[in-house]
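As structure tokens, the structure follows; a few thoughts come after it.
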Amino acid sequence: MLPFKECPVCGGDMVEKEVEKLLRGGKNIAVLKVNADVCLHCGEHLYSQETVSQFEQIRSNLLHQQTAGFQPLGQSFQVA
């Protein structure tokens, strides 16, 4: 991946890593592991266009309760 040799935010060095991403759609949340370019200095994450498109599709699915292919991970709670 690594389209940037240095971070566009702070100028730090970038490395490719597998990261965990939380996506929200309505009241639903999905967790997925994806590859990202991560800045070693500020922690900025950069994703490929293909990955961003995947994020958009998952958010839309969550918003419309279309979670048939998703694996449940437990329960979420809101603390007042």
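Brief remarks follow.
- ³J(HN,Hα), Karplus 6.51/-1.76/1.60, whole Hz, each residue of the range 34-40, x for Gly, Pro: 9, 7, 8, 8, 10, 6, 6
- Helix 49-63 vs. the chain, principal-axis angle (Cα, 0 to 90°, nearest 10): 20
- Additional length obtainable on full extension of the chain from residue 6 to residue 24, 0.36 nm per residue less Cα span: 3.6 nm
- Taking the chain and dividing mean pair separation by its residue count, relative contact order in percent (alpha carbons under 8 Å, at least six apart): 26
- Value of Rg to Rh for the chain (Rh from inverse mean 1/r over Cα pairs, i.e. Kirkwood): 1.06
Only the coordinates and a few stated rules stand behind these numbers; no lab work does. Since we're looking at a predicted model, the values are computed, not measured.
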